[in-house]
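Read the figures in this text as sums done on the coordinates, not as results from a lab. Note that the coordinates shown come from a computational prediction; the quantities given were computed from them, not determined experimentally. In this analysis, Cβ positions are derived from the backbone assuming ideal geometry, glycine residues included, and neighbour counts consider all displayed protein chains.
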Amino acid sequence: MLNKRSKIFIAGHRGLVGSSLFEVLKDRGYKNIITSDKKKLDLRNTKLVDIFFRKKKIDYVINCAAKVGGILENKTYPTEFFIDNSLIQINLLKASHENKVKRVVLLGSSCIYPKVTKTPIKETALLSGKLEETNKSYAISKIGATILGESLFNQYKRDIVCLMPTNVYGINDNFNEKSGHVIPALISKFNAKSKKKITIFGTGKPLREFLYAEDLAEAILLILKTQQNKLIKICDNSFPIINIGSGNNISIKNLAKKICKFSNFKGKVVFDTKYPDGTMKKDLNSKRIRLLGWKPKTSLDIGLKKVINNYKNYK
């Protein structure tokens, strides 16, 4: 079982979720947190990943590494999103299997679920319908990792858990207006001093669920500490796939209003309806993680204020 001296490898430790998890583990007294800069360890390179695992003797792996982006980025570079994410996850799972890692925690995404399905979305909705076209390549790469994880779980009895978080935001995010997700992209737009007019893609009507990165990090730590038989039990005695959501929805239009207000933006806001909205409602059923006693601590208002204040101070 996990202890304070376990060797824990965080893949993608400089990213939004990985950096939050690193701080949570460090604050809780975990002594052997293993990381590697992408310049030294290209997770797409099978040979380098194999050598790294053999050398480090890793006990636990959390895959927070991924090529991510907003709607425009996914639409423009679907090939790179598919190849990079597939290679990263296959290499990590393969090396973990061959080196008998005690547990692997894979981070998926709510985008793996069908575009049209009953909400809040249950884990059983996986592969039950067509995906949202704008991020299909990314979604299929994540689905592929889930299927590989399930195969290793069933065939070789490996301890693998797939977490499916809702839309995550936080301080260490990608604030590029073109490639960032909705919250950091909007924060960047609303805090650009030269702008008097902000254009937002779509109608603003879609409803989305958001989760503060530190709350997700706490959920990951809880998963690491929970015995496998308990995880399997809450997943109806099957391969553990666990949604992690805040339980609260907000429209993109109302989200923009909040960010506008907290950023003290005084200009004009318009919605460009030539761009697609994507899925209209995409909140998750998070009953399984709630059964383990987890719930988010950070409200959207508090989280947004933290991120905006940090962005203003350090941009």
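Against the longest alpha carbon principal axis of the chain, how many degrees, from 0 to 90 and to the nearest 10, is the axis of helix 252-262 turned?
In the chain, helix 252-262 runs at an angle near 80 degrees to the longest axis.
Of Asn3, Gln227, Ser86, whose Cα points farthest to the positive end of the dipole of the chain (charges on the beta-carbon: +1 Lys, Arg; -1 Asp, Glu; origin at the Cα centre)?
Asn3
Could you give the angle, 0 to 90 degrees to the nearest 10, between helix 213-225's Cα long axis and the longest principal axis of the Cα atoms of the chain?
For 213-225 against the chain, the angle is about 20 degrees.
Rank Val168, Ser188, Tyr138 by how far each Cα sits towards the positive end of the charge dipole of the chain (+1 on Lys, Arg Cβ; -1 on Asp, Glu Cβ) and give me just the farthest.
Checking the options against the dipole of the chain, the answer is Ser188.
Provide, as a two-decimal number, the C-alpha radius of gyration of the range 142-192 over 2.2 N^0.38 Å, N being how many residues it has.
It is 1.74.
What does the C-alpha gyration tensor say about the overall shape of the chain? Classify as rounded when a/c is under 1.5, otherwise prolate if a/b is larger than b/c, or oblate.
Judged from the Cα gyration tensor, the chain comes out prolate (a/c at least 1.5, a/b above b/c).
Using the Cα centre as the reference, give the magnitude of the dipole from point charges on the C-beta atoms of the range 201-271 (Lys, Arg: +1; Asp, Glu: -1; all else neutral), rounded to the nearest 20 debye.
540
Rounded, prolate or oblate: pick one for the range 112-204, where a ≥ b ≥ c are the square roots of the eigenvalues of its C-alpha gyration tensor, a/c under 1.5 means rounded, and failing that, prolate if a/b is larger than b/c, else oblate.
It comes out prolate by the Cα gyration axes.
Under the classification rounded if a/c is under 1.5, otherwise prolate if a/b is larger than b/c and oblate if not, where does the range 161-282 fall, given a ≥ b ≥ c as square roots of the Cα gyration tensor eigenvalues?
Judged from the Cα gyration tensor, the range 161-282 comes out prolate (a/c at least 1.5, a/b above b/c).
Can you tell me which of Gly12, Gly69, Gly202 moves the most in a GNM of the chain? Springs connect C-alpha atoms under 10 Å apart.
The residue that fluctuates most here is Gly202.
Give, as a single signed number, the net charge of other residues whose beta carbon lies under 12 Å from the beta carbon of Asp236, with Lys and Arg counted +1 and Asp and Glu -1.
Within the 12 Å Cβ shell, the charges total +3.
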